[in-house]
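**Student:** Handing you this structure, nothing more for now.
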């Protein structure tokens, strides 16, 4: 009985430790994909004309077959800009969270 309890405990610990490592690998793959795909986005050049992409960190909020929503933050984590790209209509909307408001709202 003690052996069974010991084996069950050891297996639980091993399986828990293995399971916690998998999300970290997935996150790093997504981050590297995001970093390399920036200039391949159809809206990238327009965004680069209106905001300094070198000083901001991009976070993908949503990216599906209909639209892509990106948030651009400063190094301190303050959200500065939001872009919404409607894929079917090739429409881009760039919004500044401060006083500037909508910076761009056109088809590209």
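**Student:** Report whether or not residue 77 is on the phi > 0 side of the Ramachandran plot and modelled with pLDDT under 95.
**Tutor:** yes
**Student:** Out of all the residues in segment 61-82, is one or more assigned by TED's automatic domain parsing to the domain that holds residue 47, closer than 12 Å to residue 41 by Cα and touching a helix residue (DSSP H, G or I) at 6+ places or on another chain (Cβ under 7 Å)?
**Tutor:** no
**Student:** Can you name the residue in segment 49-70 that is touching a residue at least 12 places away in the same chain (Cβ under 8 Å) and part of a loop (DSSP other than H, G, I, E, B) and is also nearest to residue 85 (Cα to Cα) among such residues?
**Tutor:** Step by step, filter segment 49-70, then rank; the result is 66.
**Student:** Then there is this: Could you tell me whether segment 90-98 includes any residue that is in contact with a helix residue (DSSP H, G or I) (Cβ under 7 Å, 6 or more places away or on another chain), assigned to a strand (DSSP E or B), at pLDDT 90 or above and surrounded by 13 or more Cβ atoms within 10 Å (Cβ to Cβ)?
**Tutor:** Yes, there is a match, as at least one residue in segment 90-98 is in contact with a helix residue (DSSP H, G or I) (Cβ under 7 Å, 6 or more places away or on another chain), assigned to a strand (DSSP E or B), at pLDDT 90 or above and surrounded by 13 or more Cβ atoms within 10 Å (Cβ to Cβ).
The values are calculated or read from the model by the stated rules, or taken from the named source; none is laboratory data. What you are looking at is a predicted structure, and each value in this text was computed from that prediction instead of being measured. Cβ atoms come from the backbone with ideal geometry, glycine included; neighbour counts cover every protein chain shown.
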